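Peer 1: Provided herewith is a single structure, encoded as structure tokens, for subsequent inquiry.
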Amino acid sequence: MGYQGGTIEIDLNIGGFNYNPNLDSLPPSVMTDLSTNITLQDGGRRKRGGTAHVNSSTISGTPQIMKIHDYILTTGTQFLMLAGNDGKVYKNFTDTIKTGLSATNYYDMASMNDLLVFTDGASTLQTWDGAAGSSSDVSTLAPDWATDSLYPQQLEVHGRGLSQRMWTWTTNNKIFGSAIFDADDWGATNGFISDTNQVFASREGGSITGMYEFGDSLFITTNRNTYILQDSNSDISTWGFTLAQFNAGAAHWRVMARTPNDMLIMMDDGEIYSLVTVNAKGDYKASSITEPAFIDRWIRDNIDLTQINEFHMSYDPKIRAVLVFMVKSGSTQVDVCLPYFIDRPVDQAWGAPFENPDSNCGYDASVSSVVRVAAGDYRVRTGDNSTGFVWDLNQTTFGDNGNAYTAKCVLPTSGFGDNVNLKMFKRIVFTGFSTSGDDSDNLLLAWDADGAIQAPQSVTFSGLGAKVDESTSIVDKIIVASSNFHIEAILDLGQPARRIGTHFSNSTVGDDFYVTSVQVDAKPLGRRPTPSVTSVAQ
């Protein structure tokens with residue numbers, strides 16, 4: 001007589017990482033706490049790519065990297081610019097163009113008309129033309145920098161039409177613009193200087209934390225508010241600032257990430273909001289990308305927000321995700337990254353944390369930046385916290401410079417809409433893809449029945465045919481679109497329970513996995529027997 005139960009499908013193309021403590025309210029396809037190193041860019045659940053050193057040997061002295069910048073001249077000549085906590089600025093890992101700068105501050109760099117400008121926030125603004133043996137002080141300084149004994153903190157290029165300038169700010173709330181198309185001239189004659197201290201201090205006692213260009217506007221942030229430079233008039237004397245209509249600011253200038261059509265910005269309480277959405281709704285809480293999946297709660301429970309000045313964010317065009325680099329509780333340096341996939345619904349957009357607690361990896365990173373590696377190939381590269389290496393992400397080696405990391409997807413314990421009646425769970429079927437017909441990638445499959453942990457089973461997905469070492473599993477393979485191989489693993493359970501939970505993981509260097517669906521065969525058995533002792537409300 002055939003099996004009389006039914007099959008419940010869990011579509012892993014739906015859902016993402018979710019920290020909602022009410023597990024009963026979660027759909028069975030989400031990833032819960034303890035999931036790690038799972039990416040969503042292909043749909044389904046896939047092991048994140050590996051990370052690898054870009055430079056074959058460490059920068060001399062193994063400095064912490066304090067800035068990465070991709071400097072490309074109009075001739076096509078390209079330099080990977082680096083700043084270290086040894087006070088040096090490097091071109092292409094080995095050659096220094098400046099020494100004696102800050103050993104504690106993060107640096108910023110920008111270029112305009114082939115002139116690179118960089119600042120350490122504590123020294124005279126520097127320029128380099130890509131040819132000289134060393135950098136130079138800017139030719140014309142803003143007089144306020146010497147008078148106030150303060151220096152530029154951040155650099156941003158912004159302009160309207162033919163009035164492009166480079167912009168910066170100082171910690172006493174002054175805004176500076178260079179001469180038009182000339183980042184070597186910041187003087188009062190050709191540049192723009194605005195003492196805006198009363199604008200910010202009188203409203204909230206706040207200070208400037210950053211600036212960014214979006215569309216044709218320059219936005220200036222404090223912790224709680226945002227202001228917009230009004231520079232549309234050709235008469236510079238008419239320029240001023242207006243308070244944005246939305247209630248949101250930024251923790252600092254390194255926790256801003258530009259996507260193809262939005263800006264994602266972190267507040268000083270760890271909330272991350274969408275500029276496009278907040279501009280429509282007016283409230284950063286209502287525009288939060290962290291609250292729908294309870295990621296704000298995950299951040300409060302797992303991240304040390306007292307070290308928010310070490311956090312940074314970058315948009316990774318390779319996987320179309322914003323990478324949020326943070327410091328975990330108990331750590332002193334950035335050691336975890338949360339990926340936010342911009343093409344997914346906001347409550348399904350978070351991948352499981354990228355990290356490697358056992359070995360150094362590209363997510364133990366003090367800085368990050370998008371770099372053009374080849375024509376049409378743009379990648380995020382990161383700077384190591386302490387070893388003097390720059391890292392490449394999303395590597396098909398599926399190892400962190402040759403070291404293993406664990407990728408794990410934990411699905412919530414679920415009764416599939418019925419948490420009361422017993423069911424006979426006969427089997428679980430994991431379906432996915434392999435990218436090679438001769439791949440042999442392992443998955444450790446584990447499950448629990450009503451919270452009781454069952455023995456995990458290791459399964460080898462082999463594209464060569466239905467051959468595995470475990471007698472309790474069957475693997476099938478179908479060629480899909482002549483390149484991917486459809487893999488199916490069937491695990492017999494034979495366990496009665498109200499609910500079951502499952503997770504699958506892999507910790508082998510070189511192994512990839514890509515699971516798109518879980519099917520559970522279950523047959524209803526009815527209610528549990530009535531307990532002999534019944535609790536009575538007092």
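Peer 1: What about Ala286, is it in a loop (DSSP other than H, G, I, E, B), surrounded by fewer than 20 Cβ atoms within 10 Å (Cβ to Cβ) and either on the phi > 0 side of the Ramachandran plot or among the hydrophobic types (A, V, I, L, M, F, W, C) (or both)? It would help to see each step written out before you state the result.
Peer 2: Numbers: in a loop (DSSP other than H, G, I, E, B): yes; surrounded by fewer than 20 Cβ atoms within 10 Å (Cβ to Cβ): yes; either on the phi > 0 side of the Ramachandran plot or among the hydrophobic types (A, V, I, L, M, F, W, C) (or both): yes.
Considered against the rule, which asks whether it is in a loop (DSSP other than H, G, I, E, B), surrounded by fewer than 20 Cβ atoms within 10 Å (Cβ to Cβ) and either on the phi > 0 side of the Ramachandran plot or among the hydrophobic types (A, V, I, L, M, F, W, C) (or both), Ala286 comes out as yes.
Peer 1: Something else now. Can you find, within the stretch 70-86, the residue that is nearest to Thr396 (Cα to Cα) among those that are surrounded by 22 or more Cβ atoms within 10 Å (Cβ to Cβ) and in contact (Cβ under 8 Å) with a residue 40 or more places away in the chain?
Peer 2: The qualifying residue nearest to Thr396 (Cα to Cα) is Leu82.
Peer 1: Could you please find all residues in the stretch 224-238 being over 14 Å from Lys174 (Cβ atoms) and among the hydrophobic types (A, V, I, L, M, F, W, C)?
Peer 2: So in the stretch 224-238, the residues over 14 Å from Lys174 (Cβ atoms) come out as 224-226, 228, 230-238.
Those that are over 14 Å from Lys174 (Cβ atoms) and among the hydrophobic types (A, V, I, L, M, F, W, C): Ile228, Ile236.
Peer 1: Against the definition (assigned to a loop (DSSP other than H, G, I, E, B), surrounded by fewer than 18 Cβ atoms within 10 Å (Cβ to Cβ) and modelled with pLDDT of 95 or more), how does Gly133 come out, yes or no? Walk me through it before giving the result.
Peer 2: Values: assigned to a loop (DSSP other than H, G, I, E, B): yes; surrounded by fewer than 18 Cβ atoms within 10 Å (Cβ to Cβ): yes; modelled with pLDDT of 95 or more: yes.
Answer is yes for this residue.
Peer 1: Right, something else. Considering only residues that are under 24 Å from His252 (Cβ atoms) and assigned to a strand (DSSP E or B), which ones fall in the stretch 96-113?
Peer 2: Residues of the stretch 96-113 under 24 Å from His252 (Cβ atoms): 98, 101-112.
Answer for the stretch 96-113, where residues must be under 24 Å from His252 (Cβ atoms) and assigned to a strand (DSSP E or B): Lys98, Asp108, Met109, Ala110, Ser111, Met112.
Peer 1: Which residues, counting only those in the stretch 114-152, are touching a strand residue (DSSP E or B) at 6+ places or on another chain (Cβ under 7 Å), more than 19 Å from Arg254 (Cβ to Cβ) and β-branched (Val, Ile, Thr)?
Peer 2: Thr124, Thr127, Val138, Thr140 - these are the residues of the stretch 114-152 that are touching a strand residue (DSSP E or B) at 6+ places or on another chain (Cβ under 7 Å), more than 19 Å from Arg254 (Cβ to Cβ) and β-branched (Val, Ile, Thr).
Peer 1: Scan the stretch 495-533 for residues that are surrounded by fewer than 20 Cβ atoms within 10 Å (Cβ to Cβ), in a strand (DSSP E or B) and at pLDDT 85 or above and report the count.
Peer 2: Of the residues in that region, 10 qualify.
Peer 1: All but one of (1) modelled with pLDDT under 95; (2) not in a strand (DSSP E or B) hold for Leu229; state the number of the condition that does not hold.
Peer 2: Here Leu229 meets the rest and fails (2).
Peer 1: With respect to Val370, is the statement that it is at pLDDT 95 or above and closer than 21 Å to Arg258 by Cβ true? Spell out the reasoning first.
Peer 2: Details: at pLDDT 95 or above: yes; closer than 21 Å to Arg258 by Cβ: yes.
Taking the combined requirement at face value, the residue satisfies it.
Peer 1: Can you run down the residue pairs with Cβ atoms below 8 Å, 6 or more apart or on separate chains, where the first is in the stretch 88-107 and within 24 Å of Ile308 (Cα to Cα) and the partner is basic (Lys, Arg)?
Peer 2: Leu101/Lys88; Tyr106/Lys67; Tyr106/Arg254; Tyr107/Lys67
Peer 1: Still on this structure, please answer the following. For a quick check of your reading of the model, give me the residue pairs whose first member lies in the stretch 1-12 and is at pLDDT 80 or above and acidic (Asp, Glu), whose second is surrounded by 12 or more Cβ atoms within 10 Å (Cβ to Cβ) and in a loop (DSSP other than H, G, I, E, B), with beta-carbon atoms closer than 8 Å and at least 6 apart or on different chains.
Peer 2: Partner pairs satisfying both residue conditions: Asp11/Ser29.
Peer 1: Right, another one. Contact list please: Cβ distance under 9 Å, first residue in the stretch 228-244 and touching a residue at least 12 places away in the same chain (Cβ under 8 Å) and hydroxyl-bearing (Ser, Thr, Tyr), second residue surrounded by 12 or more Cβ atoms within 10 Å (Cβ to Cβ) and not in a loop (DSSP other than H, G, I, E, B), pairs at least six apart or on different chains.
Peer 2: Partner pairs satisfying both residue conditions: Thr242/Tyr227; Thr242/Ile228; Thr242/Leu229; Thr242/Gln230.
Peer 1: Quick check on the stretch 303-327: of everything there that is aromatic (Phe, Trp, Tyr) and closer than 18 Å to Asn356 by Cα, which residue is nearest to the chain's Cα centre (by Cα)?
Peer 2: Per the criteria, the residue is Phe325.
The values are calculated or read from the model by the stated rules, or taken from the named source; none is laboratory data. For clarity, every value in this text was computed on a predicted model and none was experimentally measured. Reconstructed Cβ throughout: ideal geometry from the backbone, glycine too, with neighbour counts over all protein chains shown.
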